[in-house]
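Student: Below is one structure. I have some questions about it.
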Amino acid sequence: MPRPKVNTKFFNRWSPDMAYILGFIFADGCLVEHRNGYHGLDITSKDLQLLRLIKERLDAEHKISRKERGYHIQIRNQEIYNSLLRLGLTPRKSKTIKFPIIPKRHSSHFIRGLFDGDGSVMIWREPRWKHTWQIRTSFTSGSQIFLQDLRMYLGIWAGLLLGKVSPITRGHHLRYLSMPECAALYKFMYRGNPKVYLKRKKDKFELFLALKNQEISN
């Protein structure tokens, strides 16, 4: 039975889609080593539509399977595996992953993919300050070094200077707690009206901005 097809050259050339998917893989993907020596890539997501979109961009014929906590697609392909190795991904990457070299023009796409995988945005009304609307964003990783490099590059690319890397139960997180910094992250990640993103996270940013504007006008 022939193996499912995939665009084996997809990660050999930078593009907005390639940078986004690479960022998502750095968050929610892993390189898989099989005993028969034929290695590949596994991507997991709670969002089926996003996984279908990634499959479409990769021109992959591989099956998306249901998992206990979401969905995943496994692409057994040595060329894909080798390309991702060259870009800095490693097997069992959780605590060894290092920040890759990203062309500046594609940096926002990579960060958006990373955020859609392992990032979060939270909004709430704070009773200590007359129930004003507040926002917090964060990136999570098993690698402290990766998040420290991410903090540095977000300072260079997006002007975010107040992020703090802290330990959590199963790794570390990089958090931004001020409204200006979270707004700057939003503008950076979605600049140029990109076509590929996780809608529920973008919607939460925009809900906060709308609520904050309403709060200020009142």
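The values are calculated or read from the model by the stated rules, or taken from the named source; none is laboratory data. Here the structure is a predicted model, which means the values were calculated and not measured. We place every Cβ from the backbone using ideal geometry, glycine too, and count neighbours over all the protein chains shown. Quick note on the areas: whole protein, heavy atoms, side chains included, nothing else; ligands and nucleic acids left out. Shrake-Rupley method; radii C 1.70, N 1.55, O 1.52, S 1.80 Å.
Student: Pairs only if they're at least six apart or on different chains, beta carbon under 7 angstrom, first in region 165-178 and within 14 Å of residue 118 (Cβ to Cβ), second among the β-branched types (Val, Ile, Thr) and open to solvent by 30 Å² or more (accessible area, probe 1.4 Å); list them, first residue then second.
Tutor: These pairs meet every condition: 171/140; 172/165; 173/140; 174/165.
Student: Quick test of your reading of the structure: residue 77 fulfils all but one of (1) buried (at least 21 other Cβ atoms within 10 Å of the Cβ); (2) within 26 Å of residue 171 (Cβ to Cβ); (3) in contact (Cβ under 8 Å) with a residue 60 or more places away in the chain. Name the failing condition by number.
Tutor: Here residue 77 meets the rest and fails (2).
Student: Further question: Looking for something acidic (Asp, Glu), more than 15 Å from the chain's Cα centre (by Cα) and surrounded by fewer than 16 Cβ atoms within 10 Å (Cβ to Cβ) - is there at least one such residue anywhere in region 119-127?
Tutor: yes
Student: Next question, about the same structure. Read through the list (1) in a loop (DSSP other than H, G, I, E, B); (2) closer than 30 Å to residue 48 by Cβ, then give the number of the only condition that residue 173 fails.
Tutor: Failed condition: (1).
Student: Another question about this same structure. Output the residues belonging to region 176-218 that are closer than 20 Å to residue 125 by Cβ, of a type in the set (Phe, Trp, Tyr) and not in a helix (DSSP H, G or I).
Tutor: 176
Student: Still on this structure, I have one more. Looking at region 137-170, which of the residues that are part of a loop (DSSP other than H, G, I, E, B) and loosely packed, with under 15 Cβ neighbours inside 10 Å is modelled with the highest pLDDT? Can you show your working first?
Tutor: First, pick out the residues of region 137-170 that are part of a loop (DSSP other than H, G, I, E, B): 142-143, 159-163, 169-170.
Checking the rest, the ones that are also loosely packed, with under 15 Cβ neighbours inside 10 Å come to 159, 161-162, 169-170.
On the way: 159: 94, 161: 89, 162: 88, 169: 86, 170: 82.
Result: 159.
Student: Considering only residues that are modelled with pLDDT of 95 or more, crowded, with 20+ Cβ neighbours inside 10 Å and of a type outside the set (A, V, I, L, M, F, W, C), which ones fall in region 1-33?
Tutor: If the condition is that a residue be modelled with pLDDT of 95 or more, crowded, with 20+ Cβ neighbours inside 10 Å and of a type outside the set (A, V, I, L, M, F, W, C), then 17, 20, 23 are the ones that fit.
Student: Is there any pair with a first residue in region 182-195 that is hydroxyl-bearing (Ser, Thr, Tyr) and a second that is crowded, with 17+ Cβ neighbours inside 10 Å and part of a loop (DSSP other than H, G, I, E, B) whose Cβ atoms are under 9 Å apart and which are 6 or more apart or on different chains, and what are they?
Tutor: 190/197
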